[in-house]
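Student: A single structure is presented below for examination.
The values are calculated or read from the model by the stated rules, or taken from the named source; none is laboratory data. Note that this is a predicted model, so its numbers are computed, not measured. All Cβ positions, even for glycine, are placed from backbone atoms using ideal geometry, and neighbour counts span all protein chains on display. Surface accessibility is based on the protein's heavy atoms, side chains included, excluding ligands, DNA and RNA. Shrake-Rupley method; radii C 1.70, N 1.55, O 1.52, S 1.80 Å.
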Protein chains: 2
Amino acid sequence: VKTTITLEAIDGAARAGRVHTARGTFTTPCFMPVGTRGAVRHLAADDLEALGADVVLGNTYHLMLRPGVDTIEALGGLHRFTDWDGHILTDSGGYQIFSLAPKVDDDGAVFRSVYDGSSHRLTPEGAVDVQRRLGADIQMVLDVCPPAKATAAVMRTAVDRTALWAQRARRQFTNGEVSVDRQAQFGIVQGGLDLALRTESAERTIEIGFDGYAVGGLSVGESRDEMLPPLATVAAMLPHDQPRYFMGLGDPIGMVEVVALGVDMFDCVLPTRLARHGTLLTSGGRLNIKRAEFARSDDPLDPLLPASPVARYSRGYLRHLLSVDEPTAGRLLSLHNLAWVFDFVARMRQAIVDGRFESFRRDVHEVWAAS
Amino acid sequence: VKTTITLEAIDGAARAGRVHTARGTFTTPCFMPVGTRGAVRHLAADDLEALGADVVLGNTYHLMLRPGVDTIEALGGLHRFTDWDGHILTDSGGYQIFSLAPKVDDDGAVFRSVYDGSSHRLTPEGAVDVQRRLGADIQMVLDVCPPAKATAAVMRTAVDRTALWAQRARRQFTNGEVSVDRQAQFGIVQGGLDLALRTESAERTIEIGFDGYAVGGLSVGESRDEMLPPLATVAAMLPHDQPRYFMGLGDPIGMVEVVALGVDMFDCVLPTRLARHGTLLTSGGRLNIKRAEFARSDDPLDPLLPASPVARYSRGYLRHLLSVDEPTAGRLLSLHNLAWVFDFVARMRQAIVDGRFESFRRDVHEVWAAS
């Protein structure tokens, strides 16, 4: 089954579409919550169903260490393991080449386990096999993700390795019987903030040919003004009939800006991490629930989001639960932020369909620039 | 509104009834989960509704310190604060006279705040007022709860103070306009393991006259064989048309044994605390989900409890979530144990209605004696 995207509407470069996979269909733009270790923090599959999530991210690095691929495979794969029937996209472990700075050579990377310090080698082929065994609907190639402001030499090596690894990953994937029928594989474009390197990386990735394309190595510490030009360069080159995924982004202005450049999918831990620390996303902008002014507030977190699963609870109650460290707080606040993001993305999609995306985009800037 | 219990069935001394309060009705035997600080750990009102809980316990000591009675009152009372429409029973802070061992004199007790070390005086009258302002459906008198094996002198003083405080609490309660119409007040019988003291304490409490009667100062470290005779002594003396509450008990054999002696209500943090540490209640007895044998088990926690809200998740998945400290584990395992206890209590009630309580009781011993 070839993964494609059909476009319902295009407004400027912004796309409202449907991605078709072996599992089914999901609409875009699509925000994907992150279930690093088999669960979005505080939540389970029933919560994600109630929130209307379409695609959940799983993290290859963490899952291969705990509980291990053998265990997940023995329990029927990641879908059955988590009892999640929607789409699953697994990352390749490439992000840990950025965050854990492991030893990398042409063959692959050697990671230390954050759990017990044990040593694990991950190669492009190995990452394909692990994700095949996990049963991801969409797998990602193993890439080399350097810091956005790495030296030219580091960036050069990263682009070359990413391209060579992508070839190896694609070969491994297309040789695997299960993968081609049941799974999709996305390539990843690297190249930091250098437009020429981005162009080269995009060309080399597109030439190999994938079911979809991700833009990696951005939203890793650089400013938004620095982030958008390389994305624009790459997005203009990507095939129109395949989904585009911007890795690791979930703030409102960021989401509207990457969608403005033609991105279809994005993921981030930000909404749930912010929630656990008391920062809520609302139609009025950021709300810090820890502030004393909310102690006796009977209002819901966002009066303009009555469909939120936690709309029945007051700011005062939620503030109390957070202040006494009740785990219920992390859960309810996470549910709110995810509900808000899904609603935000649905409104963004509708704006594209209605041909008023630019006005939506201006409104988002107005609310969130000050937030 | 006078709180009463109507009995649907009596089997031996075991009672299946309905408690009628100003708020409404709930069936007995009744297990009350504990929402110490305004939430049962990991859960919120929507979860308790889905579980079919009838009565939730709130803890006066914790709530008066955080967020404070003023705040809860400003937010409409504990029901509106937690958005829980079922019954709420608040303890008086008396348990903290046992657990925190504060300075106690004839007037009351001076507690230290576990949050900031600040000093707080609680008197029988003050406890009535706090619980009135919280808006509890059932308030408890402030009692003196000594260790079960305290010296005779300590026990004597505790029984006397408990009786004198009960008089003061009853006077304060009946003088309060709101309380009598909207709330019920339960007295508490003390007396440790001494049957004569228990008899005396029961007489003095019944003489004052309350809407219901609790047996306190048991299940505080003594064995079950030591616990039951004083309970039997007291239960035989209590008025038949008012509810009886055994404080702080939630293990299966314990529940069946106190119900066998005519108890209607009981509460405990045990099911949720056990859950958070990986010990599950099942129809086969205790199950320690941390055991390696469950790593690849696709079975639900209790195959004989298909209505459990977490029946869809496998033992292997739940074990994994607990072993990597995902907060989702605490939640799902707590939901299971509470669902199991509510189902257990419903089956116990049905056994009383059907006149086969003794056989139910034997079965419980058979499964749980070895567990």
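Student: Using the basic label-point model (7 angstrom from Cα toward the beta carbon), what is the A:Glu49 to B:Asn288 distance in nanometres?
Tutor: Going by the 7 Å Cα→Cβ label model, 3.3 nm.
Student: Can you send over the solvent-accessible area of A:His240, 1.4 Å probe, protein chains only, in Å² to the nearest 10?
Tutor: It works out to around 120 Å².
Student: Farthest toward the dipole's positive end in the protein assembly as shown, which of B:Ala307, B:Met237, B:Gly216, given Cβ charges of +1 (Lys, Arg) and -1 (Asp, Glu) about the Cα centre?
Tutor: Comparing the listed Cα positions along the dipole, B:Gly216 ranks first.
Student: How large a share of the accessible area of the range B:112-183, in percent, is made up of carbon and sulfur atoms when the probe is 1.4 Å and the other protein chains stay in place?
Tutor: Answer for the range B:112-183 is 52 percent, counting heavy atoms of protein chains only.
Student: In the range B:227-262, whose amide N lies under 20 Å from the spot 7 Å out along Cα-to-Cβ of B:Glu203? List them in ranges.
Tutor: Only B:229-240 pass the distance filter.
Student: Let me ask another. Mean projection of the alpha-carbon convex hull of the range A:296-366 over all orientations, in nm²?
Tutor: Its Cα hull, projected and averaged over all orientations, spans 5.4 nm².
Student: Placing +1 on the Cβ of each Lys and Arg and -1 on the Cβ of each Asp and Glu in the protein assembly as shown, which of A:Thr157, B:Phe246, A:Leu274 has its Cα farthest towards the positive end of the resulting dipole?
Tutor: Positive-most Cα among the choices belongs to A:Thr157.
Student: Roughly speaking, what % of Cα-Cα pairs in the range A:109-202 are separated by over 24 Å, rounded to a whole number?
Tutor: Roughly 30 percent, rounded to a whole number.
Student: List the distances, in nm and shortest first, from the label point of B:Pro229 to the matching label points in every other copy, placing each point 7 Å from Cα along the Cα-to-Cβ direction.
Tutor: Ordered by increasing distance: 8.9 nm.
Student: Using only atoms on other chains, find how many Cβ atoms lie within 10 Å of each Cβ of peptide B:75-81 and report the average.
Tutor: Partner-chain Cβ atoms within 10 Å, mean over residues of B:75-81: 3.
Student: Relative to the longest principal axis of chain B, what angle (0 to 90°, nearest 10) does the C-alpha long axis of helix B:357-369 take?
Tutor: Here the helix axis deviates by roughly 70 degrees.
Student: Against the empirical 2.2 N^0.38 Å scaling, what ratio does the C-alpha Rg of the range A:28-179 come to?
Tutor: 1.06
Student: Given +1 on the Cβ of Lys and Arg, -1 on the Cβ of Asp and Glu, and no further charges, what dipole in debye does the range B:56-154 carry about its Cα centre, rounded to the nearest 20?
Tutor: Computed about the Cα centre, the dipole is about 280 debye.
Student: Please give the net charge around B:Leu281, taking every other residue with its beta carbon less than 11 angstrom from that of B:Leu281, where Lys and Arg add +1 and Asp and Glu add -1.
Tutor: -2
Student: Right, something else. Sort largest first and round to whole Å: the equivalent ellipsoid semi-axes of the range B:161-210, each the square root of five times a Cα gyration tensor eigenvalue.
Tutor: The equivalent ellipsoid of the range B:161-210 has semi-axes of 24, 9, 8 Å.
Student: Roughly how much accessible area, to the nearest 100 Å², goes out of reach of solvent when A and B pair up, both sides summed, probe 1.4 Å?
Tutor: Summing both chains' loss of accessible area gives about 3600 Å².
Student: What nm distance separates the two modelled labels at B:Val367 and B:Thr6, each placed 7 Å from Cα along Cα→Cβ?
Tutor: 3.1
Student: Return, for the Cα atoms of the range B:1-74, the radius of gyration and Dmax in Å, separated by a comma.
Tutor: Rg, Dmax (Cα atoms, Å): 15.3, 47.
Student: Rounded if a/c is under 1.5, else prolate if a/b beats b/c, else oblate: with a ≥ b ≥ c from the C-alpha gyration tensor eigenvalues square-rooted, which is the range A:134-271?
Tutor: Because a/c hits 1.5 or more and a/b fails to exceed b/c, the range A:134-271 counts as oblate.
Student: Quick one: if the Förster radius is 56 Å, what FRET efficiency do B:Asp181 and B:His277 give, using the C-beta to C-beta distance and rounding to 0.05?
Tutor: Approximately 0.85, to the nearest 0.05.
Student: Could you tell me the convex hull volume per residue, in Å³, taken over the Cα atoms of chain A?
Tutor: 131
Student: Considering the dipole of the protein assembly as shown built from charges on the beta carbon (Lys and Arg +1, Asp and Glu -1) around the Cα centre, which of B:Ile88, B:Met348, B:Ile5 is farthest to its positive end?
Tutor: Sorting the options by dipole projection puts first B:Ile88.
Student: Still on this structure: Using r as the Cβ-Cβ distance of A:Ala153 and B:Ser359, and R0 as 60 Å, what FRET efficiency do you calculate, to the nearest 0.05?
Tutor: My answer for the efficiency is 0.15.
Student: Send over the Kirkwood Rh of the range B:95-146, from the inverse of the averaged 1/r over different Cα pairs, rounded to one decimal Å.
Tutor: Hydrodynamic radius (Kirkwood, Cα only) of the range B:95-146 equals 11.7 Å.
Student: By how many degrees, between 0 and 90 and to the nearest 10, does the Cα long axis of helix A:152-175 differ from the longest principal axis of chain A?
Tutor: Rounded to the nearest ten degrees, it is 80.
Student: Just from its helices, what would the mean residue ellipticity at 222 nm be for the protein assembly as shown, if runs of 4 or more DSSP H residues each count -39500 (n - 2.57) and the sum is divided by every residue, rounded to the nearest 500 deg cm²/dmol?
Tutor: -13000 deg cm²/dmol
Student: Let me ask something additional. Summing +1 for each Lys or Arg and -1 for each Asp or Glu, what net charge is found among the other residues whose Cβ lies under 14 Å from the Cβ of A:Leu218?
Tutor: My count for the surroundings of A:Leu218 gives -4.
Student: Given the whole protein assembly as supplied and a 1.4 Å probe, what does the accessible area of A:Asp363 come to in Å², nearest 10?
Tutor: 90
Student: Compute, for A:Thr123, the solvent-accessible surface of its heavy atoms (probe 1.4 Å) with the complete set of protein chains present, and express it in square angstrom to the nearest 10.
Tutor: Ignoring ligands and nucleic acids, A:Thr123 comes out at about 30 Å².
Student: Enumerate the amide H contacts of A:Ala9 below 5 Å, restricted to partners 5 or more residues apart or on another chain; note that Pro and chain-start residues carry no placed amide H.
Tutor: Hits under the 5 Å cutoff: A:Ala16.
Student: So how strong a dipole does the range B:1-101 carry about its Cα centre when Lys and Arg Cβ are +1 and Asp and Glu Cβ are -1, to the nearest 20 debye?
Tutor: 260
Student: Calculate the FRET efficiency for A:Asp83 and A:Thr174 from the Cβ-Cβ distance with a Förster distance of 22 Å, rounded to the nearest 0.05.
Tutor: Between A:Asp83 and A:Thr174 the formula returns 0.15.
Student: Continuing with this model, one more query. With the other protein chains left in place, how much accessible area per residue, in square angstrom, belongs to the protein assembly as shown at a 1.4 angstrom probe?
Tutor: I get 36 Å² per residue for this part.
Student: Length gain on complete extension for the stretch B:Glu226 to B:Asp298, per 0.36 nm per residue less the alpha carbon to alpha carbon distance?
Tutor: 21.8 nm
Student: Let's test this: bin the Cα-Cα distances of the protein assembly as shown at 10 Å from zero up to the farthest pair and state each bin's percent.
Tutor: Reading upward from the zero bin: 3, 14, 21, 21, 16, 12, 9, 5, 1, 0.
Student: When N is the residue count of the range B:212-343, what does its C-alpha Rg come to as a fraction of 2.2 N^0.38 Å?
Tutor: 1.22
Student: May I pose another question? Which of the aspartates and glutamates could be linked to A:Lys149 by a straight reach, that is with a Cα gap under 15 Å, when you skip same-chain ones fewer than 8 residues away?
Tutor: Of all the aspartates and glutamates, those that pass the test against A:Lys149 - Cα under 15 Å, at least 8 places apart if same chain - are A:Asp194, A:Glu222, A:Asp225, A:Glu226.
Student: Summing +1 for each Lys or Arg and -1 for each Asp or Glu, what net charge is found among the other residues whose Cβ lies under 11 Å from the Cβ of B:Phe357?
Tutor: +2
Student: With labels modelled as points extended 7 Å from the Cα through the Cβ direction, what inter-label distance (nm, one decimal) is found for A:Asp160 paired with A:Thr27?
Tutor: Computed distance between label sites A:Asp160 and A:Thr27 equals 4.7 nm.
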